[in-house]
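This report concerns only the one structure given below.
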Amino acid sequence: MTEKHHSSENDRPAEKHHPSQKQRPSQKHRSRHIGDRRLAPESLMMSYGYDPALSEGSVKCPIFQTSTFVFESAEDGKAFFELAYGLREQEADESMGLIYSRLNNPDLEVLEDRLTLWDDAEAAAVFDSGMGAISTTALTFLRPGDRLLYSEPIYGGTQYLFSHILPEFGIETESFRAAVGPEVEEEAVRAAAARGNLRMIMLETPANPTNFLVDIERVCRVARELSTPENRILVAVDNTFLGPVFQHPLELGADLVIYSLTKYVGGHSDVIAGACLGSAEDIKRIKGMRTFLGSMAGPWTGWLLMRSLETLKLRMTAQARGARVIADWLLDHPRVKRVYYPGHLKRGDPDYDTFRRQCLSAGGMVSFDVDGGEAGAFQVLNRLQLIKLAVSLGGTESLAQHPASMTHSDIPAAEQRVMGITDSMIRLSVGVEDPEDLLADLEQALEGLPD
Ligand SMILES: *Cc1c(COP(=O)(O)O)cnc(C)c1O
């Protein structure tokens, strides 16, 4: 939003009433158009929101590795704090100056501006992890007595936060299953609302690790219908698996979009970070909570993610292409019992229409069941050579893991089965390697399985 780098423009007259004005980048650096043509997000990832003139002409946004920022005058410091702590309304042509890196830092601000472009969001807040984004967002909007409804399966850390930690703070939480079809999902929302105080709905779609879907548009429509002026039911969508390139929940009516930036956006398995996007008003509240929980990311993380965003579409497109090759191949393999891949949905499947309407691609995640239960899955995982045995996903290298005993192991086995997580399931995150090389690796790993 605001965006002020170190300024060498000492010769400008001081502007006492709008002290931060002189630090602003020119509008040229925030334009999304050439003439009438609206530029694609990937075209803007190298430049948007950054004014080289404010950083000695550096073509790249430098790493502002600093905890605090010098005020040019005491009046500036006072004005910045008034805005930071909401002591007065921001004037139309005023932006908050840089204060202290827990409140704001140019690497985070430029990154946040760039992130908004993919989802066409008004604002974004970046965190030091995906869990930081989820927990800070939950604590911003939920209070004792409020109800939270979420789809299952959901990321293991989110599941633990929702089912164990939030209830200790007096927040009622309940879940419904994904892949049951839009009508049943709608019923789950109505039933939760009928129990009272439904404040937030959190969806994860495609769900981890089954790739099951939830109809975002349908859930948002019901949530809006059931909202009252006193109680707005917020819908947040964890868009880590397909977003921000292949799915846009805000367009479908969601209030908030959440990311583990650790995954596709970071994309190189070398950084932990998260984000939440939405309206300027909601993100302002979330950033207020972030300031006091201290869950913001640091400047080095911001810089790494800006670098990653430049190749995001290239990487995700290559990963989705590879996943398609692998999913199709697995479908025909005699030792593979089932493939969980949205690109294989057929007419008549409860998720089919949802996939057509809300996903621009089937993405780069493929799960599959092998013969031989847990022992069979372990044998395959232990034999893989090019594909690494590790949790996490979305990076340039392909990774495989066993959800039942690893990422989702704190969910009791019986509940895992209800969610569709089997003991023979392997979750594969497809990287940017040659898909044929990945097939060679999978082929030799599956060969060892008994009939
Ligand atoms: C990894 C992940 C998270 C948590 O993100 P961290 O960056 O590890 O905190 C949340 N949701 C989904 C879908 C994830 O894959």
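If all Cα-Cα distances of the range 322-451 are sorted into 5 Å bins from 0 onward, what percent lands in each bin, rounded to whole numbers?
2, 11, 20, 24, 21, 15, 7, 1, 0
Ordering Tyr341, Tyr100 by how much accessible area each has at a 1.4 Å probe, largest first, what is the list? Could the numbers behind the result be given before it?
Values: Tyr341 15, Tyr100 95 Å².
Listed by decreasing accessible area, they come as Tyr100, Tyr341.
Return the sequence-ordered ³J(HN,Hα) values of the range 32-46 in whole Hz as given by the Karplus equation 6.51 cos²θ - 1.76 cosθ + 1.60 applied to θ = phi - 60°, using x for Gly and Pro.
After applying 6.51 cos²θ - 1.76 cosθ + 1.60, I find 10, 10, 10, x, 8, 7, 7, 7, 6, x, 5, 6, 9, 5, 8 Hz.
Under a point spin-label approximation (7 Å from Cα along Cα-to-Cβ), what is the Glu72-His268 distance to one decimal in nm?
So the two model labels end up 3.5 nm from each other.
Taking only C-alpha pairs under 8 Å that are 6+ residues apart, what is the relative contact order of the chain in percent?
On the way: 877 pairs, mean separation 67.0, N = 451.
Relative contact order of the chain: 15 percent.
Just read off the accessible area of His33 with the full protein assembly in place, 1.4 Å probe, to the nearest 10 Å².
The value for His33 is about 90 Å².
Name the long-range amide H neighbours of Asn104: under 5 Å, sequence gap of 5 or more, or other chain; modelled H, no Pro or chain starts.
The answer is Ile99.
Taking a probe of 1.4 angstrom, what is the accessible area of Leu108 in Å², to the nearest 10?
Roll a 1.4 Å probe over it and Leu108 shows about 10 Å².
Which value, in Å² and to the nearest 10, is the accessible area of Trp329 when all protein chains are kept and the probe is 1.4 Å?
Number for this one is 60 Å².
From the phi angles alone, apply the Karplus equation (6.51, -1.76, 1.60; θ = phi - 60°) to the range 347-363 and give each ³J(HN,Hα) in whole Hz, x where the residue is Gly or Pro.
With the stated coefficients, the range 347-363 comes to 3, x, 6, x, 8, 4, 5, 4, 4, 4, 7, 10, 10, 8, 6, 7, x Hz.
When only Cα pairs under 8 Å and 6 or more residues apart are kept, what is the percent relative contact order across the range 106-309? Present the calculation step by step, with values, prior to reporting the outcome.
Working: 404 pairs, mean separation 62.1, N = 204.
Averaging sequence separation for qualifying contacts and normalising by length gives 30 percent for the range 106-309.
At what distance in angstrom do the alpha carbon centres of the range 101-138 and the range 381-403 lie from each other?
28
Relative contact order of the range 304-374: what whole-number percent is it, with Cα pairs under 8 angstrom and at least 6 residues apart? Kindly include the intermediate steps, with their values, before the conclusion.
Details: 58 pairs, mean separation 29.2, N = 71.
Over the range 304-374, the number comes to 41 percent.
Once neighbouring chains are kept in place and the probe is 1.4 Å, which whole percent of the accessible area of the chain is contributed by carbon and sulfur? Don't jump to the answer; show the numbers that get you there.
Numbers: 9870 of 18970 Å².
Of the solvent-accessible surface of the chain, carbon and sulfur hold 52 percent.
Please give the residues of the range 413-451, grouped as numeric ranges, whose backbone N is less than 18 Å from a label point set 7 Å along the Cα-to-Cβ vector of Gln385.
Backbone N within reach: 433-449.
Mind checking the per residue accessible area of the range 106-309 for me, 1.4 Å probe, whole number of Å²?
Details: 6580 Å² over 204 residues.
Heavy-atom SASA per residue in the range 106-309 reads 32 Å².
Considering amide H positions built from the backbone, and no H for Pro or chain starts, which residues 5 or more places from Glu152, or on another chain, come under 5 Å of its amide H?
Distant-sequence amide H within range of Glu152: Phe176, Arg177, Ala178.
Divide by every residue of the chain the summed helix terms, -39500 (n - 2.57) for each DSSP H run of at least 4, and state the resulting mean residue ellipticity at 222 nm, rounded to the nearest 500 deg cm²/dmol. The partial results should precede the final answer.
Values: 14 runs with 153 residues, N = 451.
Result for the chain: -10000 deg cm²/dmol, rounded to the nearest 500.
Can you put Asp282, Asp349 in order of accessible area, largest first, using a 1.4 Å probe? Mind showing how you got there, number by number?
Details: Asp282 10, Asp349 60 Å².
Final ranking, largest accessible area leading: Asp349, Asp282.
Any idea how far the Cα center of the range 411-451 sits from the one of the range 211-287, in Å?
Taking the Cα centre of each part, the range 411-451 and the range 211-287 sit 28 Å apart.
From the protein chains alone at 1.4 Å, what is the descending order of accessible area for Phe81, Phe169, Phe162, largest first?
Values: Phe81 75, Phe169 125, Phe162 5 Å².
In descending accessible area the options line up as Phe169, Phe81, Phe162.
Using θ = phi - 60° and the Karplus form 6.51 cos²θ - 1.76 cosθ + 1.60, what ³J(HN,Hα) does each residue of the range 204-220 get, whole Hz, x for Gly and Pro?
Karplus-based 3J(HN,Hα) across the range 204-220 equals 10, 8, x, 7, 9, x, 8, 6, 6, 10, 10, 6, 4, 4, 5, 4, 5 Hz.
Would you mind checking which residues have amide H under 5 Å from Gly274's amide H? H placed 1.01 Å from N; only 5 or more apart, or other chain.
Phe127, Asp128, Ser129, Gly130, Leu261
The values are calculated or read from the model by the stated rules, or taken from the named source; none is laboratory data. Since the model is a prediction, treat every value here as computed from it, not as a measurement. FYI the Cβ positions are ideal-geometry reconstructions off the backbone, even for glycines, and counts take in every protein chain you see. The area values use the complete protein model at the heavy-atom level, side chains included, leaving out ligands, DNA and RNA. Shrake-Rupley method; radii C 1.70, N 1.55, O 1.52, S 1.80 Å.
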